[in-house]
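Novice: This is the structure I have questions about; it appears just below.
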Amino acid sequence: MGFYSDRVLPRIIRRTCGLPMMTPLRRRACGPLYGDVVEVGFGSGLNVGLYPAAVTSVTAVEPNDTAWRLGRELVSSSAVPIDRSGLDGSDLPFADDAFDCALSTFTLCTIPDLPRALGELRRVVRPGGTLAFLEHGRAPDAAVRRSQRRFEPFQRRFAGGCHLTRDVSTLIEEAGWEIVDLDRFYAEGTPRPFGAIHLGAARN
Ligand SMILES: C[S@@+](CC[C@H](N)C(=O)[O-])C[C@H]1O[C@@H](n2cnc3c(N)ncnc32)[C@H](O)[C@@H]1O
């Protein structure tokens, strides 16, 4: 990783993804979680403190050391035990059916081989378990989608490989997850091409 993506980008992400208006959305996304949870693309831990009381442990998959370090205080103050294990959502070092649930917030846009990562999550989450997600992705309106296509090359270059045009909820379904809850809307205070939200839960 270069200096920008290794050291600078995690700080930008912590600031932009950590805006206060995101907190209620994060809380909603975390709502269905319970038991042992694998959180893919843990970042700097912006969901810590929002896990419901029914969550017993969180296993953080995060490739970026700076992001993990930035979250150190949150992790050590967490009521739920959090361990970092695994660096790549597409290649998880866990046994089959090891978790009750998975969580992804603003990460499925970035993982290069998303179908493979969604398959890995299905493998490590037990049958009947839940994938909770809060993501940005393909917009519902054609005009916004045109802007997304225009901005995407810059976004990918400067935001760590982040895609704007991924139809995240459809890709979750195509990977074999059953969508049980889905809300799509534009996030307040965010330009629409970057704030087309897919928030919901899927069953394995
Ligand atoms: C936009 S950030 C979101 C971080 C955090 N989930 C949040 O909501 O603030 C995307 C995160 O995905 C991580 N990431 C990138 N590629 C990944 C991969 N292949 N597997 C798992 N995480 C990855 C990045 O390091 C980064 O922390």
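The values are calculated or read from the model by the stated rules, or taken from the named source; none is laboratory data. Please read these numbers as outputs of a predicted model, since none were measured by experiment. Backbone-built Cβ (ideal geometry, glycine too); neighbour counts: all protein chains shown. Ligands, DNA and RNA are stripped out before the accessible areas are found, and what is left, the full protein with its side chains, is counted by its heavy atoms. Shrake-Rupley method; radii C 1.70, N 1.55, O 1.52, S 1.80 Å.
Novice: Are there any helices (runs of 4 or more DSSP H) wholly within the stretch 1-116 with 2 or more residues that are of a type in the set (D, E, K, R) and farther than 22 Å from residue 158 by Cβ, and if so which?
Specialist: Answer list for the stretch 1-116: 23-30, 72-77.
Yes/no per residue for (1) under 16 Å from residue 90 (Cα atoms); (2) in contact with a helix residue (DSSP H, G or I) (Cβ under 8 Å, 6 or more places away or on another chain):
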position	(1), (2)
107	yes, no
110	yes, no
113	yes, no
118	yes, yes
122	yes, no
130	no, no
139	no, yes
142	no, no
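Novice: Which condition breaks for residue 52 when tested against (1) surrounded by 15 or more Cβ atoms within 10 Å (Cβ to Cβ); (2) farther than 18 Å from residue 197 by Cα?
Specialist: In the conditions (1) surrounded by 15 or more Cβ atoms within 10 Å (Cβ to Cβ); (2) farther than 18 Å from residue 197 by Cα, residue 52 misses (1) alone.
Novice: Count, please, the residues in the stretch 1-32 that happen to be over 14 Å from the mean Cα position of the chain (by Cα), more than 10 Å from the ligand (Cβ to nearest atom) and of a type in the set (A, V, I, L, M, F, W, C).
Specialist: 4
Novice: Residue under question is residue 123, and the condition is that it be open to solvent by 10 Å² or more (accessible area, probe 1.4 Å), out of contact with any strand residue (DSSP E or B) (no Cβ under 7 Å at 6 or more places or on another chain), more than 28 Å from residue 195 (Cα to Cα) and basic (Lys, Arg); does it hold?
Specialist: On the way: open to solvent by 10 Å² or more (accessible area, probe 1.4 Å): yes; out of contact with any strand residue (DSSP E or B) (no Cβ under 7 Å at 6 or more places or on another chain): yes; more than 28 Å from residue 195 (Cα to Cα): yes; basic (Lys, Arg): yes.
Judged against the criteria, residue 123 is a match.
Novice: So, one more: (1) surrounded by fewer than 15 Cβ atoms within 10 Å (Cβ to Cβ); (2) more than 13 Å from the ligand (Cβ to nearest atom): which one isn't true of residue 69, the others all being true?
Specialist: (2)
Novice: Taking residue 150 as the residue in question, decide whether it is farther than 26 Å from residue 62 by Cβ and modelled with pLDDT of 95 or more.
Specialist: yes
Novice: Something else: Scan the stretch 14-33 residue by residue and report those that are open to solvent by 70 Å² or more (accessible area, probe 1.4 Å) and aliphatic (A, V, I, L, M).
Specialist: Of everything in the stretch 14-33, just one residue is open to solvent by 70 Å² or more (accessible area, probe 1.4 Å) and aliphatic (A, V, I, L, M), namely 19.
Novice: Identify the single condition in (1) within 13 Å of the ligand (Cβ to nearest atom); (2) of a type outside the set (Phe, Trp, Tyr); (3) within 17 Å of residue 200 (Cα to Cα) that residue 90 does not satisfy, given that it satisfies every other one.
Specialist: (3)
Novice: Let me ask something else. Would you be able to say whether some residue in the stretch 164-176 is among the acidic types (Asp, Glu), modelled with pLDDT of 95 or more, in contact with a helix residue (DSSP H, G or I) (Cβ under 8 Å, 6 or more places away or on another chain) and open to solvent by 30 Å² or more (accessible area, probe 1.4 Å)? Give the steps one after another, and end with the answer.
Specialist: Going through the stretch 164-176, the residues among the acidic types (Asp, Glu) turn out to be 167, 173-174.
Now restrict to residues that are modelled with pLDDT of 95 or more: 167, 173-174.
Right, trim to in contact with a helix residue (DSSP H, G or I) (Cβ under 8 Å, 6 or more places away or on another chain) and you get 174.
So of that shortlist, the ones also open to solvent by 30 Å² or more (accessible area, probe 1.4 Å) come out as 174.
For the stretch 164-176, residues among the acidic types (Asp, Glu), modelled with pLDDT of 95 or more, in contact with a helix residue (DSSP H, G or I) (Cβ under 8 Å, 6 or more places away or on another chain) and open to solvent by 30 Å² or more (accessible area, probe 1.4 Å): present.
Novice: Then there's this: Does the stretch 15-54 hold any residues that are within 13 Å of residue 104 (Cβ to Cβ) and among the aromatic types (Phe, Trp, Tyr), and which are they?
Specialist: The one that is within 13 Å of residue 104 (Cβ to Cβ) and among the aromatic types (Phe, Trp, Tyr): 42.
Novice: So, one more: Within the stretch 93-120, track down each residue that is without any contact (Cβ under 8 Å) to a residue 40 or more places away in the chain and either surrounded by fewer than 23 Cβ atoms within 10 Å (Cβ to Cβ) or closer than 18 Å to residue 197 by Cβ (or both).
Specialist: The answer is 93, 95, 96, 97, 113, 116.
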